[in-house]
Amino acid sequence: MKLENPLLAVRDMERSKAFYKEVLGLRVVMDFGANVTLTGGLCLQTLDTWAEFLGKAAEAIRFGGGDSEVYFEEDDFDGFLARLAGYADVVYVHPPLEHRWGQRVVRLYDPDRHIIEVGENLKAVCRRFRDRGMTPEQIAGRMEVPLKFVTGCLRCAREGGA
């Protein structure tokens, strides 16, 4: 068995497609009307069909429970934050913060109050620390990861990979 796609029920498909395209840069890969697959494999399902699949009334479906999130990584985290600032209607779960291991993240809500986390790519974290003069051993200690992970990230950075 393998996981194929996470699926989010949405109240307004067009509004949700616009959010994921404009704010997160995703594209529609397949559009079946009531079900849409976006780049990365995220699926959106209309609320009425989702409720039908579950055998429930649409009113029984609850949004904004805060018990899960959809996680994205961004290579250019500062650029993403600058673009995000241009969207006045974005509602933040919290402002950008830096975790103790050094990764910067921001969480926001999509139009149906699903939590979206955008984190700085961990390879970018390694590069940022290296550019501040830290050794690979110091980076591994700061990030709480094995040295092999850091050296792999830095090698990939030298070879031009993200």
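The values are calculated or read from the model by the stated rules, or taken from the named source; none is laboratory data. As the structure is a prediction and not an experimental result, all values here were calculated from the model. As a convention, Cβ positions derive from the backbone with ideal geometry for all residues, glycine included, and neighbour counts pool all protein chains shown. Just so you know, the surface numbers come from the protein's heavy atoms only, side chains and all, with ligands and any DNA or RNA stripped out. Shrake-Rupley method; radii C 1.70, N 1.55, O 1.52, S 1.80 Å.
Among the numbered conditions (1) assigned to a strand (DSSP E or B); (2) within 19 Å of the chain's Cα centre (by Cα), the only one that MET30 does not meet is (2). Looking across LEU3, LEU7, LEU44, one residue alone is at pLDDT 95 or above, open to solvent by 40 Å² or more (accessible area, probe 1.4 Å) and over 13 Å from the mean Cα position of the chain (by Cα). It is LEU7.
Yes/no matrix, rows are residues, columns are (1) in contact with a Phe, Trp or Tyr (Cβ under 7 Å, 6 or more places away or on another chain); (2) within 30 Å of ALA124 (Cα to Cα); (3) of a type in the set (Lys, Arg):
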residue	(1), (2), (3)
LEU26	yes, yes, no
MET30	no, no, no
ALA34	no, no, no
THR39	no, yes, no
THR46	no, no, no
TRP50	no, no, no
LEU54	no, no, no
ASP67	no, yes, no
VAL70	no, yes, no
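The residues of the range 55-99 that are closer than 30 Å to GLY141 by Cβ and either in contact with a helix residue (DSSP H, G or I) (Cβ under 9 Å, 6 or more places away or on another chain) or of a type in the set (Asp, Glu) (or both), listed by number, are GLU69, PHE72, GLU73, GLU74, ASP75, ASP76, PHE77, ASP78, PRO96, GLU98. Within this structure, ARG15 passes the test of being open to solvent by 40 Å² or more (accessible area, probe 1.4 Å) and not in a loop (DSSP other than H, G, I, E, B). Applying a threshold of 7 Å to beta carbon distances and a minimum spacing of six or more residues, or different chains, the list of pairs starting in the range 123-136 at a residue that is within 12 Å of GLY102 (Cβ to Cβ) and at pLDDT 95 or above and ending at one that is open to solvent by less than 50 Å² (accessible area, probe 1.4 Å) and not in a helix (DSSP H, G or I) reads VAL125/GLY102; VAL125/GLN103; PHE129/GLY102.
With respect to the conditions (1) aliphatic (A, V, I, L, M); (2) closer than 21 Å to GLU74 by Cβ; (3) surrounded by 15 or more Cβ atoms within 10 Å (Cβ to Cβ), VAL28 falls short on a single one, namely (3).
Checked against the criterion of being more than 17 Å from the chain's Cα centre (by Cα) and at pLDDT 95 or above, the range 81-99 contains not a single residue that satisfies it.
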